[in-house]
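Structure in C-alpha cells, see below.
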Amino acid sequence: LVRSLATSLEPASRVAVVLSGNGVYDGNDTTEAVAALVHLSRFGCKVSCFAPDKEQMHAVDHTSGAEHEATRNVLQESARITRGAISPLSDLPQKVADFDAVVFPGGFGVAKNLSSWATEGTACTVDDDVAAVIKSFHAANKPQGACCIAPVLFAKCIPGAKVTVGSSRTDDPLWPYAGTAGQITELGCTHEETDVRGVVVDQVNHLVTSPAYMYEGQPHEIFDSVGMMVGALMAYTNQGIARFGVGEVVEAFTSNGWERGEVVALNYREDEWPEGQVAPYQIMLQSGALIFAPLDEDRVVRKAE
C-alpha cells in the first residue's frame with residue numbers, strides 16, 4: 001500500500017447519465033444535472049449522456065410559471081447542458097454492457113418527461129426506454145443513482161426498492177414535496193428518512209439515492225447532496241459493492257505487514273494520477289499515516305480481527 005502501486009488501479013468507470021430536459025419546471029433541475037456531471041468528472045469517470053428524443057409534456061416560462069404555447073424536444077433541450085454531446089435514450093438499453101453505472105438527476109422533467117408522475121402519481125407510467133434502462137441495469141446487478149424526485153422511477157420499476165427523497169414531514173416547509181415519501185411506501189417500497197446531507201444505499205438492488213432539491217436548500221447544499229449520491233455510487237463501480245464503509249476499522253497490508261486502521265474515504269484519488277485511476281479506500285493507520293488500498297481484496301485490506 002504505497003504510492004508506487006497507483007499504476008495498478010482500475011480504469012475509469014463508464015457512467016451513463018439520463019437527462020430529461022433543461023430547466024427545473026419542465027426538465028432537469030440544472031444545478032442537479034451539472035452537479036452530477038462535475039462530481040462524476042472529479043472521479044475521472046467517462047460519462048455519456050442520454051435523453052428521450054420526444055416532445056416534452058410542456059414548456060414552462062421559468063419567470064412566471066406559465067406554459068409556452070409550443071413545447072420543446074427533450075433531447076434537444078438536454079443537449080444545452082451537455083454542450084451537444086448526447087444520444088437518444090433509445091440507444092442505451094442495448095448498451096448496458098458498455099457501462100458500469102447509470103445516474104438520473106432530478107427536476108420536474110423526471111415526473112413529466114421520463115414518467116407521468118406529475119399528473120398521475122403512483123398510478124403513473126414510466127417512459128418505455130427509461131423503464132428498459134432501469135430494469136436492464138438492475139438485471140445486470142449494476143448500480144444506479146438518482147436524486148431529488150428521480151428515485152420514484154426506481155420505486156415504480158423495481159419492486160421492494162429502498163430509496164430516499166429526504167423527509168416525510170409534510171408540516172415542514174423546508175420539505176415541500178415530503179408527501180412523495182408516503183407515495184413511495186404506497187408502491188410497496190421502503191422510504192428511508194434522511195436530511196439533505198444524507199444518502200441511502202439499497203445494497204440488495206444496488207441503488208443509491210439522495211434528496212437534493214426535495215429540500216429547500218442553498219445551491220451548495222444541493223451540489224453536495226448530489227455529490228454524496230455520486231460518491232456512494234462510485235463505491236460500487238470498480239470492485240462491485242464496497243466491502244467497508246467510512247469509519248470501519250480494517251487491517252491493511254503494508255511494507256510493515258498487517259496494520260490496523262480506519263477507512264476515511266471511498267474511491268480515493270490524487271490529482272497527479274492519470275484520469276480514471278481511483279483507489280477503493282483511503283485508510284488512516286493507527287500510526288497516523290494516511291495510505292490508500294489499490295484493490296478491494298482480502299490480500300490488500302481485510303476486516304479487523
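The values are calculated or read from the model by the stated rules, or taken from the named source; none is laboratory data. This structure is a prediction, so every number in the text was calculated from the model and none was measured. Note that each Cβ is placed from the backbone with ideal geometry, even for glycine, and that neighbours are counted across all protein chains shown. These area figures cover heavy atoms from the full protein model, side chains too; ligands, DNA and RNA do not enter into them. Shrake-Rupley method; radii C 1.70, N 1.55, O 1.52, S 1.80 Å.
Condition (residue is on the phi > 0 side of the Ramachandran plot and assigned to a loop (DSSP other than H, G, I, E, B)) applied to the stretch 170-177: is it met by at least one residue?
no
Same structure again: Any idea how many residues of the stretch 25-36 are open to solvent by 40 Å² or more (accessible area, probe 1.4 Å) and of a type outside the set (Phe, Trp, Tyr)?
Residues flagged as open to solvent by 40 Å² or more (accessible area, probe 1.4 Å) and of a type outside the set (Phe, Trp, Tyr) within the stretch 25-36 amount to 3.
Can you tell me which residue in the stretch 46-71 is most open to solvent (accessible area, probe 1.4 Å), limited to those that are hydrophobic (A, V, I, L, M, F, W, C) and in a loop (DSSP other than H, G, I, E, B)?
Ranking the candidates gives 57 first.
Can you pull out the residues in the stretch 185-210 that are over 18 Å from the mean Cα position of the chain (by Cα) and open to solvent by less than 30 Å² (accessible area, probe 1.4 Å)?
189
Can you list residue pairs whose Cβ atoms sit under 7 Å apart, with the first residue in the stretch 209-224 being in a helix (DSSP H, G or I) and the second being among the acidic types (Asp, Glu)? Count only pairs 6 or more apart in sequence or on different chains.
As it stands, the answer is 212/32; 213/29; 213/32; 222/32, since those pairs meet every condition given.
Which residues, counting only those in the stretch 90-125, are crowded, with 20+ Cβ neighbours inside 10 Å and assigned to a helix (DSSP H, G or I)?
92, 108, 109, 110, 111, 112, 117
Among the residues of the stretch 72-83, how many are part of a helix (DSSP H, G or I), touching a strand residue (DSSP E or B) at 6+ places or on another chain (Cβ under 8 Å) and open to solvent by 20 Å² or more (accessible area, probe 1.4 Å)?
Adding up the residues that qualify gives 1.
Next question. Could you tell me which residue of the stretch 211-236 is most open to solvent (accessible area, probe 1.4 Å), considering only residues that are hydroxyl-bearing (Ser, Thr, Tyr) and at pLDDT 95 or above?
213
Determine, yes or no, whether residue 156 is closer than 28 Å to residue 235 by Cα, part of a helix (DSSP H, G or I), open to solvent by 10 Å² or more (accessible area, probe 1.4 Å) and among the charged types (D, E, K, R).
yes
Could you tell me how many of the residues in the stretch 116-158 are touching a Cys at 6+ places or on another chain (Cβ under 7 Å) and either aromatic (Phe, Trp, Tyr) or modelled with pLDDT under 95 (or both)?
Qualifying residue count for the region: 1.
Within the set of pairs 6+ apart or on separate chains, which have a first residue in the stretch 279-304 that is free of Cβ contacts under 8 Å to residues at least 24 places away in the same chain and within 19 Å of residue 234 (Cβ to Cβ), a second that is assigned to a strand (DSSP E or B) and open to solvent by 20 Å² or more (accessible area, probe 1.4 Å), and C-beta atoms under 7 Å apart?
Taking only residues 6 or more apart or on different chains, the pairs are 282/264; 282/265; 282/268; 282/290.
Also: Please count how many residues of the stretch 126-153 are in a loop (DSSP other than H, G, I, E, B) and without any contact (Cβ under 8 Å) to a residue 40 or more places away in the chain.
0
Quick check on residue 79: is it over 30 Å from residue 272 (Cα atoms) and over 21 Å from the mean Cα position of the chain (by Cα)?
It is false that residue 79 is over 30 Å from residue 272 (Cα atoms) and over 21 Å from the mean Cα position of the chain (by Cα).
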